[in-house]
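The values are calculated or read from the model by the stated rules, or taken from the named source; none is laboratory data. Just so we're clear, the structure is a prediction, and the values are computed from it rather than from any experiment. With ideal geometry, Cβ positions are generated from the backbone for all residues, glycine too; neighbour counts draw on all protein chains shown. The accessibility values were calculated without ligands, DNA or RNA, using every heavy atom of the protein model including side chains. Shrake-Rupley method; radii C 1.70, N 1.55, O 1.52, S 1.80 Å.
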Amino acid sequence: MTEVSPFPSGALPLHKPVVVIGAGPAGLTVGNILRAVGVDCVVLETETRAFIEQRPRAGVLEEWAVRGLERRGLAANLLERAQRHAECEFRLGGERYRFEYLRLTGHHHWVYPQPLLVTDLVHEYADVRGGDIRFGVRDVRLHGLDSDHPVVEYVDDLGEDRLIPCDFVVGADGARGVTRALLTPDRALVSRHDYGIGWLALLAEAPPSNDCVVFGIHPNGFAGHMARSPEVTRYYLECPPGDDPDNWSHDRVWSELRQRLGANGAPPLAEGRLIEKRVLDMHNYVVEPMVFGRLFLAGDAAHLTAPIAAKGMNLALHDAFLLGDALVAQLTKGDSTGLTGYSQACLGRVWDYQEFSQWLSEIYHGTSSGDPYLAGTTQARLRRLFSSPAAGLAFAEQYLGKDPEY
Ligand SMILES: Cc1cc2nc3c(=O)[nH]c(=O)nc-3n(C[C@H](O)[C@H](O)[C@H](O)COP(=O)(O)OP(=O)(O)OC[C@H]3O[C@@H](n4cnc5c(N)ncnc54)[C@H](O)[C@@H]3O)c2cc1C
């Protein structure tokens with residue numbers, strides 16, 4: 001970050017109350033909350049609109065997150081098209097174990113692919129609420145964050161250098177963005193955890209092969225099955241971290257999935273063309289505080305949870321609800337309470353979900369760890385999960401996510 005004035009002499013670019021960096025679920029939700037009450041803002045995004053509307057990623061949303069979107073007028077399509085999931089299934093030792101979380105708790109999950117949510121959010125922001133969004137930007141730089149007059153500098157899609165003076169900057173540019181790097185060790189603590197495990201993330205042009213999410217616990221490694229739509233299914237295969245996706249031919253993928261997800265009475269896997277195949281190294285981080293001066297981080301820019309427990313998009317939305325509401329209170333009523341407490345209000349849920357991801361990782365990966373002690377404790381946890389109602393309830397509470405009041 002440069003502290004020198006970035007204005008060329010004589011130029012006075014247009015001021016915006018808020019500049020949002022990144023058009024993912026976090027940035028677009030903040031933008032929509034601001035536009036709902038007429039606060040002017042601009043969203044800067046490196047990719048094109050077509051790209052972000054098709055980028056496949058998450059799919060599982062927690063009830064409170066959907067209620068939060070609904071309250072802000074952002075869930076009409078979702079409520080019409082998303083599937084409700086009431087149970088999940090573990091497969092181990094050739095047997096199937098159903099976990100009926102709706103029956104246990106009265107709560108369910110929603111499945112709605114992230115590209116559809118992003119499409120809805122961009123449409124609402126840009127086409128309905130009249131929000132300013134600039135795609136294809138490069139070289140985003142932030143100036144004067146610890147002053148009352150920050151400035152965002154970037155190169156637009158025509159190669160022109162642009163400046164936007166503003167009051168607040170939202171860093172919602174994901175795990176590979178530029179804003180997190182500004183929270184240097186003298187400004188924030190970054191805690192990291194590396195699982196030392198890779199997941200081959202796959203999208204198959206094939207209908208789901210089961211009526212719910214399936215977790216395969218197998219000596220060869222974890223395997224996951226998650227519906228995305230009637231035509232597309234997400235699969236995961238545990239693999240060495242840094243593995244080359246080219247090591248996984250079509251035949252090898254389907255043969256491993258059949259082995260790791262195989263169980264007595266399980267329907268056969270519906271195979272299809274693999275339209276996404278990439279290796280994710282399972283690691284997490286948390287930035288504390290999520291704020292420096294006038295910069296507020298949200299979503300993956302502030303904290304990453306490996307997709308082990310399907311929590312990342314939910315956390316991004318939680319941050320966005322709190323930050324959007326806090327910015328509105330500040331900019332319309334001069335009430336700074338929300339912004340002052342923002343980081344702390346987010347981090348409780350962030351750490352809770354981090355802890356659950358770590359716990360779940362041991363369940364998924366213990367059997368294939370090569371460590372008989374870890375394999376034994378994993379099996380004990382699973383037996384307890386299926387036999388103790390109290391253990392089942394505790395698991396369901398964390399799997400489904402806490403209430404917004406948490
Ligand atoms: C395979 C996979 C499966 C997942 N499954 C789930 C799931 O089931 N449930 C769940 O809750 N989570 C899941 N997640 C996590 C979820 O996708 C992320 O947590 C979520 O996308 C975070 O949203 P975000 O808005 O913070 O960041 P992002 O969605 O990453 O958005 C950031 C945006 O910023 C843009 N950007 C980056 N750098 C810049 C820059 N310098 N300037 C301007 N723009 C920039 C990016 O192009 C992007 O559009 C999954 C992730 C993966 C990879």
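Worth pointing out:
- Of the residues making up region 272-304, those that are on the phi < 0 side of the Ramachandran plot and near the ligand (Cβ under 7 Å from one of its atoms) are LEU280, ALA298, ASP300, ALA301.
- Pair list, Cβ under 7 Å, 6 or more apart: region 42-65 residue closer than 18 Å to GLY224 by Cβ, other residue assigned to a strand (DSSP E or B) and more than 10 Å from the ligand (Cβ to nearest atom): LEU61/TRP110
- Every residue from region 360-387 that is among the hydroxyl-bearing types (Ser, Thr, Tyr) and either within 24 Å of MET282 (Cα to Cα) or in contact with a helix residue (DSSP H, G or I) (Cβ under 9 Å, 6 or more places away or on another chain) (or both): SER361, TYR364, THR367, SER368, SER369, TYR373, THR377, THR378
- The strands (runs of 3 or more DSSP E) falling completely within region 137-193 that include 2 or more residues that are in contact with a Lys or Arg (Cβ under 6 Å, 6 or more places away or on another chain) and closer than 24 Å to THR29 by Cβ map to 161-171.
- Listed by first and then second residue, the pairs linking a residue in region 178-190 that is within 16 Å of GLY299 (Cα to Cα) to a residue that is modelled with pLDDT under 95, with Cβ atoms under 6 Å apart and 6 or more places separating them unless they lie on different chains, are LEU182/MET1.
- If you go through region 181-203 and keep only what is farther than 28 Å from GLY293 by Cβ and over 20 Å from the mean Cα position of the chain (by Cα), you end up with just GLY196.
- Taken together, the residues in region 194-227 that are crowded, with 22+ Cβ neighbours inside 10 Å, within 16 Å of the ligand (Cβ to nearest atom) and assigned to a loop (DSSP other than H, G, I, E, B) amount to 2.
- The set of residues in region 86-125 being open to solvent by 30 Å² or more (accessible area, probe 1.4 Å) and of a type in the set (A, V, I, L, M, F, W, C) consists of ALA86, LEU102, LEU104, LEU116.
- Residues within region 126-180 that are farther than 12 Å from VAL20 by Cα, open to solvent by less than 50 Å² (accessible area, probe 1.4 Å), of a type in the set (Val, Ile, Thr) and within 26 Å of the chain's Cα centre (by Cα), tallied: 1
- Scanning region 35-77 for residues that are under 27 Å from VAL19 (Cβ atoms), among the hydrophobic types (A, V, I, L, M, F, W, C) and assigned to a helix (DSSP H, G or I) returns ALA36, ALA50, PHE51, ILE52, ALA65, LEU69.
- Filter result (within 22 Å of the chain's Cα centre (by Cα) and hydroxyl-bearing (Ser, Thr, Tyr)) within region 210-251: SER229, THR233, TYR235, TYR236
- Of all the numbered requirements in (1) within 15 Å of the ligand (Cβ to nearest atom); (2) out of contact with any Lys or Arg (no Cβ under 9 Å at 6 or more places or on another chain); (3) more than 18 Å from ASN314 (Cβ to Cβ); (4) touching a residue at least 12 places away in the same chain (Cβ under 8 Å), LEU69 misses one, and that requirement is (3).
- Residue among LEU331, LEU322 that alone is within 16 Å of the ligand (Cβ to nearest atom) and at pLDDT 95 or above: LEU322
- Taking the criterion of being over 21 Å from ASP40 (Cβ atoms), among the aliphatic types (A, V, I, L, M) and more than 13 Å from the ligand (Cβ to nearest atom), the residues of region 133-184 that qualify are LEU158, LEU183.
- Hey, LEU280 hydrophobic (A, V, I, L, M, F, W, C), touching a residue at least 12 places away in the same chain (Cβ under 8 Å) and crowded, with 19+ Cβ neighbours inside 10 Å or not: no
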